[in-house]
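Structure record follows, encoded as structure tokens.
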Amino acid sequence: MTFAPSAPHRRRFLLAGTGLAAGVVLAAPARAFPFNAAPFATHTAAALAGLPAAATGASAGGANPAMSEETHLLSRLAFGPSTADRERLRALGTDGWIDEQLRPDKLALPADLQRELDALPTQTLSQHELLMRYREAQYAGKTDEGKARRHFLMGSVAQEDAQARLLRATRSPRQLEEVLTEFWFNHFNVFADKGPIKMLSGHYERTAIRPHVLGRFRDMLGATARHPAMLFYLDNWLSVAPGMQVSAGRTGLNENYARELMELHTLGVDGGYTQKDVTELARMLTGWTYRADRTTPSVFEFVAKQHDNGSKTWLGQTIEPAGEAEGEHALDVLARHPSTAKRIGFKLAQCFVADAPPPALVERLARRFLDTDGDLREVTRALVTSAEFRAPEVRGAKFKTPYRQVVTAARVSGLAITDTLPLRATLTQMAQPLYGCPTPDGWKDTEEAWLSPEAIGRRVNFASTLASGRLPIDTPFRLMPEPDAPDPKAGARAADMAPATMGEMKPPMPAMPAPGRAQAAVIRRDAAALADADAGTRARRPEPLDAERLLAALGDAITPRVRAAVADARPELRAALVLGSPDFMRH
């Protein structure tokens, strides 16, 4: 993954590559959802066209000041106001509910959810086991048996990673933790369709992101820096002292991670560093790599002989040779830097308050970040108890991302969600595939990024499909079956390979795929999965959603004008009108 010097230009190039795939997603007809809801969606869209935009908040920047604080809390700090969450909030009161959400470790998961998570075998695999699984898949061979084995080795991990993430998002009572997990994964984004990251993205979330979303920022920064998913994604595993060649394809300094570490993860593009600082930080991080054959909990390894042992000048400091400690020192400095505090404050306020967050709030959050040494629980507390977060004028003013739209709809549907594969496939078709953002800056959380006529059409299609009962998320989840005849040679070859980093594997590690091609492959995969699910749906009688139940769960998130339009509509269209309404697309 070789980037050009200018990060903004680089990302525009990468996004241009995704344009083809996004065009495939957004320009496809309603039938791209294989469920036979196209005529239904047409009627729904016609009914929605009659809703007055000004009254419903459909206009850009629209808000719903009449929304209650209860609904606002459940719309921003949770993925929508489910009936159970409303009851819990009312029982605890606003402050009690927020306190509980800020202590997710004290909030037990429901027994049935825990059982379903425990039944996903790949979720307990270590970094070493996942990387060896990837090696075996590479050597599975070109026979039908080898292809089946490779499909299982890779597909089962991706399937179970998605199942775990979406089960938690839709059913966990720790809703703030789920919202923050999505936020911080985007902040420290990795792309699942680059090499072994398809095996590692779920593990990365489970171990480097989720445990730290209400912990210390420095701990999360260190966990992501040492995880093989990040080391591979931003190529630091390739980075060695200038002029040194360790093996084919591993020559000299690579600045990708150092650049994004400062520009995206900490200081921000205007954070006061120079290109010289990028180079010097890259030198400080040389030798930070990993070994797939290590059986320790972490496969991270610092290779001293690959490190640049010269002195450096970074951010105005003279850095004397200290090996691995140089990188740790850099993380310490970056985690406590005022520019980092301001960037984190801005991003949190943008996500939870407004696309253009109030500068005074950003400054207070930055100060809280510095005063607490990056205690994210306390920074989050300051955010959600602020007057700006509680203000009526910001309620309903944020436009939902596809992820939030899909998860919220599933949560308020009243269905017993047991199979999330249709939700994962829907996210791909709505141009936000799970773990599928190819660029290091992650998915955006703003209206500008997601509001378009084509995107609205996709949401209406989804609303119609779910409302008609033709999205089989309440059917039993089936683990991917292991092939009957695994290829014994592949496992032996993987186990006998020469130890060392993934870069010394033969054949060479694949380069970063063109984002458009990678996204298109994901679209084809998930479209096929939806087609399979559609076949199962036809075998049972679809049960349409109850519009009254939806309205009761959503409460005053749905305005009186939309409620009146729903009441006037044909009964079979009412649930789709709720889920496809402009009100529902905001939070």
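The values are calculated or read from the model by the stated rules, or taken from the named source; none is laboratory data. On a predicted model such as this, the values are computed, not experimentally measured, just so you know. Glycine also receives a Cβ, built like all others from the backbone with ideal geometry; neighbour counts cover every protein chain displayed. We work out accessible area using only protein heavy atoms, side chains counted, and drop any ligands, DNA or RNA first. Shrake-Rupley method; radii C 1.70, N 1.55, O 1.52, S 1.80 Å.
Which order do the peptides 316-324, 217-225 take when ranked by the mean count of other beta-carbon atoms within 10 Å per residue, highest first?
Working: 316-324: 12.8, 217-225: 21.0.
Going by the mean number of other Cβ atoms within 10 Å, highest first, we get 217-225, 316-324.
Note on ASP118 and SER68: the model spin-label points, each 7 Å out from Cα along the C-beta direction, lie 3.7 nm apart. One chain, two ends: ALA416 and GLU482. Fully extended at 0.36 nm per residue, the span grows by 21.1 nm beyond their Cα-Cα distance. With the largest listed first and rounded to whole Å, the semi-axes of the equivalent ellipsoid of the stretch 372-423 from the Cα gyration tensor are 30, 17, 10.
Here, the stretch 258-383 has an Rg and a Dmax of 16.9, 50 Å when only alpha carbons are counted.
May I ask you to give the solvent-accessible area per residue for the stretch 254-383, in square angstrom, as obtained with a 1.4 angstrom probe? Walk me through the numbers before you get to the answer.
Values: 4890 Å² over 130 residues.
For the stretch 254-383, the per-residue accessible area is 38 Å².
Between the stretch 119-181 and the stretch 556-587, what is the separation of their alpha carbon centroids in Å? With the stretch 119-181 and the stretch 556-587 each reduced to a Cα centre, they are spaced 37 Å.
Taking Rh as the Kirkwood radius, which is the inverse of the mean 1/r over Cα pairs, what is the Rg/Rh value for the stretch 239-294?
Numbers: Rg = 12.8 Å, Rh = 12.2 Å.
Checking Rg against Rh, the ratio lands at 1.05.
Measuring nothing but alpha carbons in the stretch 140-294 and taking Rh as the Kirkwood radius, the Rg to Rh ratio lands at 1.03. Here the spin labels are modelled as points 7 Å beyond Cα on the Cα-Cβ line, and at LEU92 and ARG377 they lie 1.3 nm apart.
Summarising the label geometry, the points placed 7 Å from Cα in the beta-carbon direction at GLU129 and LYS147 lie 2.9 nm from one another.
Calculate, for ASP546 and ALA111, the FRET efficiency according to 1/(1 + (r/R0)^6) with r their C-beta to C-beta distance and R0 22 Å; round to the nearest 0.05.
Values: r = 27 Å, r/R0 = 1.21.
Rounded to the nearest 0.05, the efficiency is 0.25.
Would you calculate the convex hull of the Cα atoms in the stretch 160-222 and tell me its volume per residue in Å³? Before the final figure, lay out the partial values.
Numbers: hull volume 4.9 nm³, N = 63.
In the stretch 160-222, the Cα convex hull volume per residue is 78 Å³.
Taking amide H atoms as placed 1.01 Å from N in the peptide plane, the amide H of ARG586 lies under 5 Å from those of LYS400, each 5 or more residues away in sequence or on another chain. Remark: the GLU363-ARG570 segment gains 69.5 nm on full extension, using 0.36 nm per residue and subtracting the alpha carbon distance.
Evaluate 2.2 N^0.38 Å with N set to the residue count of the stretch 50-196, then give the Cα radius of gyration divided by it. Could the numbers behind the result be given before it?
Working: Rg = 20.8 Å, N = 147, 2.2 N^0.38 = 14.7 Å.
It is 1.42.
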